[in-house]
Amino acid sequence: MSPGVRRAGAGQGAAAAVQLLVTLSFLPSVVEAQVTGVLDDCLCDIDSIDNFNTFKIFPKIKKLQERDYFRYYKVNLKRPCPFWAEDGHCSIKDCHVEPCPESKIPVGIKAGNSNKVFAITNNDALASLSFVELCTYYSKVANNTKELEDCEQASKLGAINSTLSNQSKEAFIDWARYDDSQDHFCELDDERSPAAQYVDLLLNPERYTGYKGSSAWRVWNSIYEENCFKPRSVYRPLNPLAPSRGESFYTWLEGLCLEKRVFYKLISGLHASINLHLCANYLLEETWGKPSWGPNMKEFKRRFDPVETKGEGPRRLKNLYFLYLIELRALSKVAPYFERSIVDLYTGNVQEDADTKTLLLNIFQDTKSFPMHFDEKSMFAGDKKGAKSLKEEFRLHFKNISRIMDCVGCDKCRLWGKLQTQGLGTALKILFSEKEIQKLPENSPSKGFQLTRQEIVALLNAFGRLSTSIRELQNFKVLLQHSRDTSTVWWERGTLRCHCI
């Protein structure tokens, strides 16, 4: 090769190296530049959320999720898909969920295996107690250290009056269930079903399992296309079937009322959060049967890089922050429910239960101290009839999404999809029950607002997942920065070599 050709080749190589360096160095700055500033439809900035989550929320919510009350979640993973014939469950080993043996479940949790205690007693004040309240009430009245016996006694004392006819009993239970279902945004699993099992969430973490393809696509496509108030003439971004011309998705979205925009952002934020978990806990390699899990930069870029996603990635991440704000607001609003002495987080271990409640109340205090909460009063604020109709439509659309989670083919994905959807549904229930929460009596049962243990566990774990997502996003930014720095070192060394030629 002649010196001239060699110099030309070296020049082309140098140019390619410069282009690579520019691309690598540009990527993190683009992510940081686009995922910043004030969020739409609220008055909160992303930097404030990052700092608040990192220093106040994340360390505490992580500890809370490790407590017995919050680590065991009862779920039915065998409910059939109500919308289409299932493709069959995923056979990948990482999709499997290991149920928790009954012997491992704390006695207090097993004792409360029904959603709510419905009873007609001579004491009307006890008739509408939730299981959490009922156990607390009797343990304090009897002042007995055998909490499980107290709860069994409570169940007997709260039994349905035997003088009522069977027809009346059934009617009462049906009425109670109907009334209770009116504020639910989710299709709740029947915890009394033989198919419902306890799962230890710490032993079945959310991570990438390999579940993908047409089955996974159908689930998310059904959620977006059929439940997000979108006409079929408007195509979502990156949809390969979208025509070259047509109404812009975001032009359509901005033309919606606030409530419908919020709905889309919540679903998009949930989707982004789940994708972040999969990127952060990816199967990197498996040696001698021992898997190694960790962050996958390539997967993160594929899902969130502004270039590869044509600008969608930063929008998705902003919706994650918006979802975080919604659930943060719900926690601050529901604090009075848990601050009452009549509510305990009952597992049967007196000291741990007290410590768990103290930690939870501490988290609630932090949520209330956040200065830039989303204002839910701006929603459903039109004329009463129209607002009521829109709210019901909002609720039913979300409830339908919770039913779609039973169509997920991977058991582990189904588990975490159901939990996070139920957690968000519980947050919405809280936000739109402000009057009922304000009227809660301190030392007597809640008649207008109740939470089951299933809802409580889902609410806090779902928020814990969002907190973790935002923390993982910070980690990915550090990795991207490190990638840029490493590339710069490589280029500088390459330059020196070029000078030597």
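The values are calculated or read from the model by the stated rules, or taken from the named source; none is laboratory data. The model shown is predicted, which means the values in this text are computed figures rather than measured ones. Quick reminder, even Gly has a Cβ in these numbers, built from the backbone with ideal geometry, and neighbours come from all protein chains shown. Please note that ligands, DNA and RNA were not included when accessible areas were found on the heavy atoms of the full protein model with its side chains. Shrake-Rupley method; radii C 1.70, N 1.55, O 1.52, S 1.80 Å.
Would the range 281-373 count as rounded, prolate or oblate if I go by the C-alpha gyration tensor, calling it rounded below 1.5 in a/c and otherwise prolate when a/b exceeds b/c, oblate otherwise? Mind showing how you got there, number by number?
On the way: a/c = 4.73, a/b = 1.52, b/c = 3.10.
Since a/c reaches 1.5 but b/c is at least a/b, the shape of the range 281-373 is classed as oblate.
Report ³J(HN,Hα) in whole Hz for each residue of the range 269-274, in order, from the Karplus equation J = 6.51 cos²θ - 1.76 cosθ + 1.60 where θ = phi - 60°; Gly and Pro get x.
x, 5, 4, 5, 4, 4
By the gyration tensor of its Cα atoms, with a ≥ b ≥ c the square roots of the eigenvalues, what is the shape of the range 367-418: rounded for a/c under 1.5, prolate for a/b over b/c, or oblate?
Values: a/c = 6.16, a/b = 1.46, b/c = 4.23.
Taking the square roots of the gyration eigenvalues as a ≥ b ≥ c, the range 367-418 is oblate.
If packing is taken as the mean number of other Cβ atoms within 10 Å per residue, what is the order of 392-403, 213-224, highest first? If you can, show how the numbers build up before the last one.
On the way: 392-403: 17.8, 213-224: 15.5.
Top of the packing list down: 392-403, 213-224.
Between residue 96 and residue 297, what FRET efficiency follows from the Cβ-Cβ distance if R0 is 30 Å, with the result rounded to 0.05?
Values: r = 27 Å, r/R0 = 0.90.
Result of the calculation: an efficiency of 0.65.
Express in whole angstrom the spacing between the alpha-carbon centres of the range 369-430 and the range 303-366.
15
Ignoring ligands, DNA and RNA, what percent of the accessible area of the range 328-459 is carbon or sulfur (1.4 Å)? If you can, show how the numbers build up before the last one.
On the way: 2430 of 4830 Å².
Taking all protein chains in place, the range 328-459 shows 50 percent carbon and sulfur surface.
Would you work out if the range 233-332 is rounded, prolate or oblate? Take a ≥ b ≥ c from the square roots of the eigenvalues of the alpha-carbon gyration tensor; rounded if a/c is under 1.5, else prolate when a/b is larger than b/c, oblate otherwise.
Working: a/c = 3.22, a/b = 1.47, b/c = 2.18.
Judged from the Cα gyration tensor, the range 233-332 comes out oblate (a/c at least 1.5, b/c at or above a/b).
Going highest first, how would you order 431-444, 280-293 by mean Cβ packing within 10 Å? Could the numbers behind the result be given before it?
Working: 431-444: 14.3, 280-293: 12.1.
Highest mean packing first, the order is 431-444, 280-293.
Ranked from highest to lowest mean number of other Cβ atoms within 10 Å per residue, what is the order of the peptides 331-339, 377-385? Working shown, then result.
Values: 331-339: 18.7, 377-385: 12.1.
Highest to lowest by the protection proxy: 331-339, 377-385.
Check cross-link reach from residue 56 to the lysines: straight Cα distance under 23 Å, and skip same-chain residues fewer than eight apart.
318, 333, 357, 368, 477
Would you grab the residues whose amide H sits under 5 Å from the one on residue 281? Only those 5+ places off in sequence or on another chain, please, with H modelled 1.01 Å from N.
208
For the range 317-444, what is the accessible area per residue in Å² when the probe is 1.4 Å? Before the final figure, lay out each step's value.
Details: 4640 Å² over 128 residues.
Value returned for the range 317-444: 36 Å² of accessible area per residue.
Under a point spin-label approximation (7 Å from Cα along Cα-to-Cβ), what is the residue 310-residue 335 distance to one decimal in nm?
Using points 7 Å along Cα→Cβ, the separation is 4.5 nm.
How do 405, 372 rank by accessible surface area computed with a 1.4 Å probe, from largest to smallest?
Numbers: 405 10, 372 50 Å².
Largest accessible area first, the residues go 372, 405.
With a point put 7 Å past each Cα toward its Cβ, work out how far residue 257 is from residue 479 in nm, to one decimal.
For the pair residue 257/residue 479, the computed spacing is 4.2 nm.
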